[in-house]
Amino acid sequence: MTNRRHHHRPTNGTLPAAIRKKFEELQTNLDIRFSNESLLHNAFTHSSYVNEHRKKNFTDNERLEFLGDAVLELGVSRFLYATEPTMTEGELTKLRAAIVCEPSLEKFSNELGFGQYILLGKGEEQTGGRMRPALLADVFEAFVGALYLDQGMEAVTSFLEKIVFPKISVGAFSHMMDYKSRLQEIVQQTNSGSLHYEIIEEKGPAHAKKFVTVVRLGEEEMGTGIGKSKKEAEQEAARHAIVKLESQQAERES
């Protein structure tokens, strides 16, 4: 694994021992050890902290965020390219956009508890900067950039395999995708009959109804979906049907 330390020398001043100890704790929690710890510190340094510690010669995380944004897109693109062979370029682009958008990155950041490690200026701290979605999303990107510089793309991929990819696999972003259209395309390519969606159950009280939908290909039941609306339930059923068709295809080919 190539070490890229010489490419980036953050001019971060020395952090107080208590803060350095917190970053030690973060590395332990993540099971990631930085060769160049100033890269890690830099990833969590907000511009407001730099402004308040001008004499200490700190650098904010904006350049790392710029790099991390591109590295994250590449990592997610590689994963989608490998795991979604039936998706068109347009669908891949749409799904990637849903994964790397601010609300998603904020969730990943919160899951890792990144907010508590951000180095903020007093004013930013008092106005709730630590919980600001944009700030949390930026820190996630900056961390990815720092990890890339410190340990290369494979380390980033390992990190994403723990945090991001499992959510893609369980369909956390599937509301962004039109699975019904995709299923229709797959069926048309194989000319294997016609699709029918049917609501088989409505459950729950009127204000919180859940619809259970089944999709059939000819007589064969291909997938079941549950959703808050008929449309959502149909999309979920179609998603399960695609998984089933893809595994059947894989079995035929093996």
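The values are calculated or read from the model by the stated rules, or taken from the named source; none is laboratory data. Everything numeric here is computed off the predicted structure, so don't read it as measured data. Ideal geometry is used to build each Cβ from the backbone, glycine not excepted, and the neighbour counts take in all protein chains shown. Remember, those area values only see protein heavy atoms, side chains included, never the ligands or the DNA or RNA. Shrake-Rupley method; radii C 1.70, N 1.55, O 1.52, S 1.80 Å.
Using θ = phi - 60° and the Karplus curve 6.51 cos²θ - 1.76 cosθ + 1.60, what whole-Hz ³J(HN,Hα) does each residue of segment 90-101 get, with Gly and Pro shown as x?
Calculated HN-Hα couplings, in order: x, 5, 4, 5, 5, 5, 4, 4, 5, 7, 9, 6 Hz.
HN-Hα J couplings of segment 154-168 from phi, Karplus 6.51/-1.76/1.60, θ = phi - 60°, integer Hz, Gly and Pro as x?
With the stated coefficients, segment 154-168 comes to 5, 5, 5, 4, 4, 5, 5, 4, 7, 9, 9, 4, x, 6, 5 Hz.
Quick one: Cα convex hull volume of segment 74-222, Å³ per residue?
Per-residue hull volume (Cα only) is 155 Å³.
Before I look further, what does segment 76-138 give for accessible area per residue, probe 1.4 Å, in whole square angstrom?
50 Å²
Helix 230-253 sits at what angle to the longest principal axis of the chain, using alpha carbons and giving 0 to 90 degrees rounded to 10?
Orientation of helix 230-253: about 90 degrees from the principal axis.
Full-extension gain between residue 94 and residue 28, please, as 0.36 nm times their residue separation minus the C-alpha to C-alpha distance.
20.3 nm
To the nearest 0.05, how large is the calculated FRET efficiency for residue 184 and residue 131 if R₀ is 35 Å and r is the Cβ-Cβ distance?
Once the sixth-power term is evaluated, E becomes 0.25.
Taking all protein chains in place and a 1.4 Å probe, what share, in percent, of the accessible surface of the chain do carbon and sulfur account for?
52 percent
Average projected area of the Cα convex hull of the chain, in nm²?
Dividing the Cα hull surface by four gives the mean projection, 17.6 nm².
Gaussian network model of the chain, Cα springs within a sub-10 Å range: biggest mean-square fluctuation belongs to which of 103, 16, 133?
16
Mind checking which of 57, 184, 92 is farthest towards the positive end of the chain's charge dipole, using Cβ charges of +1 (Lys, Arg) and -1 (Asp, Glu) about the Cα centre?
Of 57, 184, 92, it is 57.
Could you pull out every residue, at least 5 positions away or on a different chain, whose amide H is within less than 5 Å of the one on residue 222? Hs are placed 1.01 Å off N in the peptide plane, and Pro or chain starts have none.
The list, which skips near neighbours in sequence, is 215, 216, 217.
How many nm separate the modelled label positions at residue 199 and residue 56, each set 7 Å beyond the Cα in the direction of the Cβ?
The answer from the label model is 5.9 nm.
Provide the per-residue ³J(HN,Hα) series for segment 36-53, in order, calculated from phi with Karplus coefficients 6.51, -1.76, 1.60 and θ = phi - 60°, each as a whole number of Hz, with x at glycine and proline positions.
For segment 36-53, the Karplus-derived couplings read 10, 5, 5, 5, 5, 4, 4, 4, 9, 8, 7, 4, 5, 6, 4, 4, 8, 10 Hz, x marking Gly and Pro.
What three numbers, in Å, describe the spread of the alpha carbons of segment 161-254 along their principal axes, ordered from the longest?
Dimensions of segment 161-254 along the principal axes of its Cα atoms: 46, 39, 19 Å.
For the chain, what does -39500 (n - 2.57) per DSSP helix run (n ≥ 4), summed and divided by total residues, give at 222 nm, in deg cm²/dmol to the nearest 500?
The helix-only estimate for the chain comes to -18000 deg cm²/dmol at 222 nm.
Report, as a whole number in µm² per second, the diffusion coefficient that Stokes-Einstein gives for segment 1-150 at 25 °C and 0.890 mPa s using the Kirkwood radius over alpha carbon pairs.
152 µm²/s
Which angle from 0 to 90°, rounded to the nearest 10, does the C-alpha axis of helix 133-151 make with the longest principal axis of the chain?
80 degrees
Normalising by the residue count of the chain, find the relative contact order in percent from Cα pairs under 8 Å and 6+ residues apart.
18 percent
Determine the distance separating the Cα centre of segment 114-171 from the Cα centre of segment 225-239; give it in Å without decimals.
What the calculation gives is 32 Å, centre to centre.
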